[in-house]
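Q: Before we start, here is the structure in question, set down as structure tokens.
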Amino acid sequence: MTMINGFPRGRTAIVGAATFGIGKCPGISAVDMAAKAALLALEDAGIALSEVDALYTSAPYEALGGMELAEYLGITPKITDCNRTGGSAFEVYVQQAALALEAGLIDCALIAYGSNPASNPPPGVGMTRQSPWEAPYRPLAPLSSYALAASRHMHLYGTTREQLAEVAVAARQWAQLNPEAAMRDPLTVEDVLNARMVSDPLTARDCCLFNDGAAAVVMVRADRAKDCAKAPVHVLGAAHAVTHREISSMPDLTVTGAAISGPQAFAQAGVTPADINVAMLYDAFTITPILFLEDLGFCPKGEGGRFVSGGHIAPGGGFALNTNGGGLSCVHPGMYGLFLLVEASRQLRGEAGERQVRNAQLAIAHGNGGVLSSEATVILGVDAVI
């Protein structure tokens, strides 16, 4: 365990992880859901709520730095944060919590999120703020932005709609092995291609779910982690990059900030993409895992479509991607980043049941926020790789 590029490699760990209310959770508020997931994660870790002294959350009910959830839980944290970088916020929180723990500012960090847009629909769907430069074209936000990225990738590299569809089909096959997953019905490439076109080239089946869900993880220093109820999942590297706000300002529609955050996180962890056993990559749309596979170094730029073809990322394939079913088939309650961390932790602890990846020792969780705007990468590992 050492400091690499300013990051405390292996000195902090996730010791508790939980989900709650995936699918539909009627009659329960979003803050209730976040609190329930938090308590389950603390129970998983064997840590009392009173020991939590840092709280990180991002949710529709919270605009004031985590104060509502802190009040609800009855705790007095030394640090709170309510990052608004979208689905990547939770990977950013892991980075920030690791640094705060290493500095001795805190002893126990709780990262929690709950949202119930399916049971309690918001007034508007999607990202309501639109740029004056983009609004005249009446885009479906954020869908049309991702459709632009998909179209550009298809134009430059020959990526096909069938390859995009394979991402959705593989996610569904993993979801069929996950009792928690919201969508477990069979899905074929033809089903994806023949679904309602929403924003060319993306059909409804190329798009993530819109359902309820809550998740939480608990982090402590490695010395404390040894005494927790479950085997620790060490944080080996974590990095973040923001490249733009609006898609019209994205420097290159086929290159995301993952090309910045990924290499930094891998360098901190002292591992390479070839070492990773489980990859949890944000899949709000079928194009996003293809972009991230390229930018994180799992395949060359432009080869993402071919990489996901032929069942390569499905159960039994050569690469374990989004083993819980992802945002496409498991859960996506507005922001999905925390569920990536929970599934990665479960895989490394050998708790994934039928979908368990054999001998999983290293995992990557990569979060995405905005319209490919904010990218955050976390590398996790078991004791054996420290």
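Q: What is the set of long-range amide H partners of T80 at a cut-off below 5 Å, with H atoms built 1.01 Å from backbone N?
A: L55
Q: Using θ = phi - 60° and the Karplus curve 6.51 cos²θ - 1.76 cosθ + 1.60, what whole-Hz ³J(HN,Hα) does each residue of the stretch 375-380 get, with Gly and Pro shown as x?
A: Per residue, the Karplus-derived 3J(HN,Hα) values read 10, 9, 10, 10, 10, 10 Hz.
Q: Moving on. Kindly express, to the nearest 10 degrees and within the range 0 to 90, the angle between helix 161-175's C-alpha long axis and the longest C-alpha principal axis of the chain.
A: 40
Q: Mind ranking T76, T159 by accessible surface for me, highest first, 1.4 Å probe?
A: So, going from the largest accessible area down, we get T76, T159.
Q: Out of L296, L187, L348, any idea which swings most in a Gaussian network model of the chain, alpha carbons joined below 10 Å?
A: Top of the fluctuation ranking is L187.
Q: Rounding to the nearest 10 and keeping the result within 0 to 90°, find how far the Cα-based axis of helix 143-157 lies from the longest principal axis of the chain.
A: Between helix and principal axis, roughly 70 degrees.
Q: Using only alpha carbons, build the gyration tensor for the stretch 313-386 and give me the equivalent ellipsoid semi-axes, biggest first, whole Å.
A: Sorted largest first and rounded, they come to 21, 15, 11 Å.
Q: Enter the Cα centre distance for the pair the stretch 218-287 and the stretch 2-48, rounded to the nearest angstrom.
A: Cα centres, the stretch 218-287 to the stretch 2-48: 17 Å.
Q: Out of (i) 1.13; (ii) 0.90; (iii) 0.96, which label holds the value of Cα Rg over 2.2 N^0.38 Å that was computed here?
A: The listed entry that was calculated here is (ii).
Q: Could you please put E51, E343 in sequence from largest to smallest accessible area, using a 1.4 Å probe? Could the numbers behind the result be given before it?
A: Values: E51 75, E343 5 Å².
From most accessible down to least: E51, E343.
Q: With a point put 7 Å past each Cα toward its Cβ, work out how far A103 is from H244 in nm, to one decimal.
A: 3.2
Q: If ligands, DNA and RNA are left out, what is the accessible area of M154 with a 1.4 Å probe, given in Å² to the nearest 10?
A: 50
Q: Take every DSSP beta bridge whose two residues both sit in the chain, then give the antiparallel share in percent to the nearest 5. Mind dumping the intermediate values first?
A: On the way: 40 of 52 bridges.
Restricted to the chain, the bridges split so that about 75 percent are antiparallel.
Q: Separation of the stretch 125-191 and the stretch 313-386 by C-alpha centroid, Å?
A: 18
Q: Next up: For a paramagnetic label modelled at 7 Å from the Cα of L64 toward its Cβ, which residues of the stretch 76-95 fall within the zone defined by backbone nitrogen distances under 18 Å?
A: 76-84
Q: I've got another one for you. How would you order 31-37, 175-181 from highest to lowest mean count of nearby Cβ atoms within 10 Å?
A: Result, highest mean first: 31-37, 175-181.
Q: While we're here: To make sure I understand the rule: partners must be aspartates and glutamates, Cα under 18 Å from the Cα of K230, and not fewer than 8 residues away in the same chain. Which ones qualify?
A: List returned: E43, D44, E51, D107, E343, E351, D383.
Q: Taking only DSSP H segments of four or more residues, each worth -39500 (n - 2.57), what value at 222 nm results for the chain once the sum is divided by all its residues, to the nearest 500 deg cm²/dmol?
A: -9000 deg cm²/dmol
Q: Which order do E102, E246, E71 take by accessible area at a 1.4 Å probe, largest first?
A: Accessible-area ranking of E102, E246, E71, largest first: E71, E102, E246.
Q: A follow-up question, please. On the protein heavy atoms, probe 1.4 angstrom, tell me the percent of accessible surface of the chain carried by carbon and sulfur.
A: 52
Q: If I stretch the segment between R84 and F210 completely, what's the gain in nm (0.36 nm per residue apart, minus their alpha carbon distance), one decimal? Before the final figure, lay out each step's value.
A: Working: separation 126, 0.36 × 126 = 45.36 nm, distance 1.91 nm.
Length gained between R84 and F210: 43.5 nm.
Q: Would you kindly state how much longer the chain becomes between D223 and D252 on full extension, computed as 0.36 nm times their sequence separation minus their alpha carbon distance, in nm to one decimal?
A: 6.1 nm
Q: Mean-square fluctuation check for the chain, GNM, Cα pairs under 10 Å: which of N116, N83, N359 is largest?
A: So, out of N116, N83, N359, the one fluctuating most is N359.
Q: Still on this structure, I have one more. For a quick check of understanding: with a 1.4 angstrom probe and all protein chains in place, what accessible area in square angstrom does L49 have, to the nearest ten?
A: 50
Q: Next question. How much solvent-accessible surface does I276 expose, in Å² to the nearest 10, with a 1.4 Å probe and all protein chains in place?
A: About 20 Å², ignoring ligands and nucleic acids.
Q: Still on this structure, I have one more. What's the local net charge at T12, with K and R +1, D and E -1, over the other residues with C-beta under 13 Å away?
A: Cβ neighbours under 13 Å give a net charge of +2.
Q: Can you classify the stretch 215-299 as rounded, prolate or oblate using the Cα gyration tensor, where a ≥ b ≥ c are the square roots of its eigenvalues, rounded means a/c under 1.5, and otherwise it's prolate if a/b beats b/c and oblate if not?
A: Verdict is prolate for the stretch 215-299.
The values are calculated or read from the model by the stated rules, or taken from the named source; none is laboratory data. Because the structure is a prediction, the values reported are computed rather than measured. With ideal geometry, Cβ positions are generated from the backbone for all residues, glycine too; neighbour counts draw on all protein chains shown. All accessible areas refer to the heavy atoms of the entire protein, side chains included, with ligands and DNA or RNA removed. Shrake-Rupley method; radii C 1.70, N 1.55, O 1.52, S 1.80 Å.
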